[in-house]
Amino acid sequence: MNTVKRLKGLNLPPWQKKSLPFLIKEYGPVIILAILLGTSLDLYFVDKKMYMFPIRPFPEVLSFNIAFTFVGLPILVLVYLMMMKKVTKWGKIGIIIFLSLLMPIFERFSELFGLFEHSVDWKHIYSFYGYLVFFSFIFLFYQLTNKEH
């Protein structure tokens, strides 16, 4: 049987496996907030006919895409928060700006695949600013709810 030995010169702390209850306690409230914000914003903008989701689960019942709101967005927020824990203040600002710039690009691709449509009045810069506020607010809420970590 082969065993893996830790390098003696490596000054990294040992990797600690976190339990599911700990992860839920740390990230659960923020993910729930992200889902609630995402759902509320989608309902508002779909109702105002600023955008729509032509292809979505349960189109006869829901006007927004629950696949993104309940699966994609929580995964994105979880990865985002894990990255934010590992970088400096300037790194955090960089991540927020980078992700905010990336989201309009993802929107554009989802339009090309028929998953998303905007009204003629919509400008993708709205998404940049919206996600800039969203990611900043999510991280602020994470910090407020996890002061002891």
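Amide H of TYR51 versus every other amide H placed in the peptide plane: which residues, excluding those fewer than 5 positions away on the same chain, fall under 5 Å?
Placed amide hydrogens put VAL46, SER119 under 5 Å from TYR51.
In whole Hz, with x marking every Gly and Pro, tabulate ³J(HN,Hα) for the range 43-56 from phi via Karplus 6.51 cos²θ - 1.76 cosθ + 1.60, θ = phi - 60°.
Whole-Hz 3J(HN,Hα) from phi for the range 43-56: 4, 5, 6, 5, 4, 7, 6, 7, 8, 8, 10, x, 10, 7.
Take the residue pairs LYS85/LYS123; LYS25/LYS85; LYS48/LYS123; LYS48/LYS147 and return only those whose Cα atoms are more than 26 Å apart.
Flagged as over cut-off: LYS85/LYS123; LYS48/LYS147.
Going by how many other Cβ atoms sit within 10 Å of their own, how do MET83, MET52 line up, fewest first? All intermediate terms of the calculation are to be shown ahead of the outcome.
Values: MET83 13, MET52 16.
Starting with the residue having the fewest Cβ neighbours, the order is MET83, MET52.
Give me the percent relative contact order of the range 31-149, please, defined on Cα pairs under 8 angstrom at least 6 residues apart. Before the final figure, lay out the partial values.
Working: 88 pairs, mean separation 37.3, N = 119.
About 31 percent, as a whole number.
Output the Kirkwood hydrodynamic radius of the range 22-145, Cα pairs only, in Å rounded to one decimal.
15.2 Å
A short reminder: the numbers here are calculations on the coordinates, not readings from a lab. Quantities reported herein were computed from a predicted structural model and do not represent experimental measurements. When we count neighbours, we look across all protein chains shown, and the Cβ atoms used for this are built from the backbone with ideal geometry, even at glycine.
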